[in-house]
Amino acid sequence: MCGASKWKCRSFRRSNSGSFESGKRDCCSTRGRTVACCLFILTKTKSCQGGSRMSVESHFAHHHGVRIHYLDSRSGDSSLTPMLICPGLSETAEEYAELLAYLWPRRCVVLSFRGRGQSSTPSTGYDLQDHVMDIESVVESARLDRFHLFSYSRGVSYALGYASVHADRIASVLVQDYPAQHKQMPHGWADEYINDYLIPFGRTGNIRPEAVRGIQRESRQMDLQTPLHVRLLVLMGLLEGSLVTNEDVEIYKTMSPATQIRGFQFSGHDIRGAEKPLLFETIKSFLQE
């Protein structure tokens, strides 16, 4: 067993080999070829065998001309089943660096869907199946065999879509604050989302306006009540703003005989923003069961 651990926050620059190296720039810049993101590196004390350290690598998967960026924490313990992370609508892979560090030595892979972060932005291809193909390309590129599947917000739709056709690869499913459906966005949603959220909060680099408009134009409504023959963890906020209703919870219970529901009493939709320590510990405990 390892002794006490400590956390170090460093900025990183992507090397030619695709791995992250120490850099001098501030966190959260993704311009040009440099990725200076605040990655929390878990440094073992000398009491740990081998003095191992987490290493996060940056890669691109390719599918029909679309490049999908993903981060891979590799593995400090190959006996632990890895986890694939599907971020929310406007999130990027870099925003999950802290969770990767928290779960290490379990290997975690997190992608930026098309039109987000460092992934390319095709002019078309923003319905459910297109995003499922993003996941498929990353799974193939990262050579993932069997893994836990975690998703947040609209990423839940894409994860459940993937699970419906690749059940043999899934060890368990974790969904955070979103119903089991793929939503068709209403008329006018794209302009409102861009002008009232992305621009004021400086997130147009996280998801491009072209992707937002593509999602509104192409997304079709679809129920995703797929039978899951694995454990299912539903993480939901209990305050106003949560996107999961009691009816949604009952639907999830029909999808897996091993469904667990975990409510967060101080959270709406953004559980990570309101109760990050409890959220991370809940995820970790579920994976260890």
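Pairs meeting the criteria (first residue in region 177-192 and of a type in the set (F, W, Y), second residue surrounded by 13 or more Cβ atoms within 10 Å (Cβ to Cβ) and in a loop (DSSP other than H, G, I, E, B), beta carbons under 9 Å, at least 6 apart or on different chains) are Y178/G88; Y178/S153; Y178/L243; Y178/V244; Y178/H269.
Of note, L243 does not satisfy the criterion of being touching a residue at least 60 places away in the same chain (Cβ under 8 Å), in a loop (DSSP other than H, G, I, E, B), over 21 Å from L99 (Cβ atoms) and within 20 Å of the chain's Cα centre (by Cα). What's the number of the only condition in (1) modelled with pLDDT of 95 or more; (2) closer than 14 Å to L128 by Cβ; (3) assigned to a loop (DSSP other than H, G, I, E, B) that Y162 fails to meet? For Y162, the failing item is (3).
Being of a type in the set (F, W, Y) and not in a loop (DSSP other than H, G, I, E, B) is the filter here; which residues of region 74-129 pass it? Please lay out each step first, then the result.
Here is the first cut: in region 74-129, the residues of a type in the set (F, W, Y) are 96, 102, 104, 113, 126.
Y96, Y102, listed by residue number.
Suppose we filter region 255-286 for residues that are of a type outside the set (D, E, K, R), part of a helix (DSSP H, G or I) and loosely packed, with under 15 Cβ neighbours inside 10 Å; how many remain?
Taking region 255-286 and keeping what is of a type outside the set (D, E, K, R), we get 255-261, 263-269, 271, 273-274, 277-280, 282-283, 285-286.
Checking the rest, the ones that are also part of a helix (DSSP H, G or I) come to 255, 271, 273-274, 277-280, 282-283, 285-286.
Now drop any that are not loosely packed, with under 15 Cβ neighbours inside 10 Å, which leaves 273, 277, 285.
Here the count works out to 3.
If you filter region 130-155 down to residues that are in a loop (DSSP other than H, G, I, E, B), of a type outside the set (S, T, Y) and in contact (Cβ under 8 Å) with a residue 12 or more places away in the chain, you find that the one that is surrounded by the most Cβ atoms within 10 Å (Cβ to Cβ) is L144. Checked against the criterion of being under 19 Å from M83 (Cβ atoms) and aliphatic (A, V, I, L, M), the candidates L238, L228 yield just one match: L228.
The values are calculated or read from the model by the stated rules, or taken from the named source; none is laboratory data. Since this is a predicted model, take the numbers as computed values, not measurements. All Cβ positions, even for glycine, are placed from backbone atoms using ideal geometry, and neighbour counts span all protein chains on display.
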